[in-house]
1. Restricting to the range 62-80, name every residue that is surrounded by fewer than 17 Cβ atoms within 10 Å (Cβ to Cβ) and at pLDDT 90 or above.
2. Can you pull out the residues in the range 89-104 that are surrounded by fewer than 18 Cβ atoms within 10 Å (Cβ to Cβ) and either more than 16 Å from residue 61 (Cα to Cα) or in contact with a strand residue (DSSP E or B) (Cβ under 6 Å, 6 or more places away or on another chain) (or both)?
3. List the number of the failed condition for residue 51; all other conditions in (1) out of contact with any helix residue (DSSP H, G or I) (no Cβ under 9 Å at 6 or more places or on another chain); (2) crowded, with 16+ Cβ neighbours inside 10 Å hold.
4. Of all the residues that make up the range 26-80, how many are without any contact (Cβ under 8 Å) to a residue 40 or more places away in the chain, within 16 Å of the chain's Cα centre (by Cα), within 24 Å of residue 116 (Cβ to Cβ) and assigned to a strand (DSSP E or B)?
5. I'd like the full set of residues that are under 15 Å from residue 36 (Cβ atoms), assigned to a strand (DSSP E or B) and touching a residue at least 24 places away in the same chain (Cβ under 8 Å), limited to the range 81-118.
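The values are calculated or read from the model by the stated rules, or taken from the named source; none is laboratory data. Given the structure is predicted, the values throughout are model-derived calculations rather than measurements. All Cβ positions, even for glycine, are placed from backbone atoms using ideal geometry, and neighbour counts span all protein chains on display.
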């Protein structure tokens with residue numbers, strides 16, 4: 001029983017120490033084809049393959065997923081870091097989007113970034 005309690009406490013404490021990924025900067029450029037190239041700067045305390053910022057997502061105001069940039073590896077020594085998502089189709093009636101960073105351990109960040117397009 002004691003071993004089980006120690007094990008559960010170790011798991012719980014590691015989850016508590018896991019921090020959300022945070023979006024600190026966003027840049028959007030509309031293309032002649034009426035699509036967007038979006039550049040997002042993320043900061044996170046990446047620790048390696050078991051715990052890192054592994055994506056960021058773009059949502060419309062009604063919660064519809066518009067785009068996702070998967071981050072294929074940890075950025076332990078590259079913080080903050082910027083990655084792009086090119087050719088994102090955003091309907092003309094959408095005037096702003098919400099961008100959320102994703103952590104491999106904690107999921108979507110509680111903080112989001114609102115980007116006004118028009």
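1. Hits for the range 62-80 are 62, 63, 64, 65, 68, 70, 80.
2. Just the residues of the range 89-104 that are surrounded by fewer than 18 Cβ atoms within 10 Å (Cβ to Cβ), to begin with: 89, 91-96, 98.
96, 98 - these are the residues of the range 89-104 that are surrounded by fewer than 18 Cβ atoms within 10 Å (Cβ to Cβ) and either more than 16 Å from residue 61 (Cα to Cα) or in contact with a strand residue (DSSP E or B) (Cβ under 6 Å, 6 or more places away or on another chain) (or both).
3. (1)
4. The qualifying residues number 7.
5. The answer is 83, 84, 85, 86, 87, 88, 96, 97, 98, 99, 113, 115.
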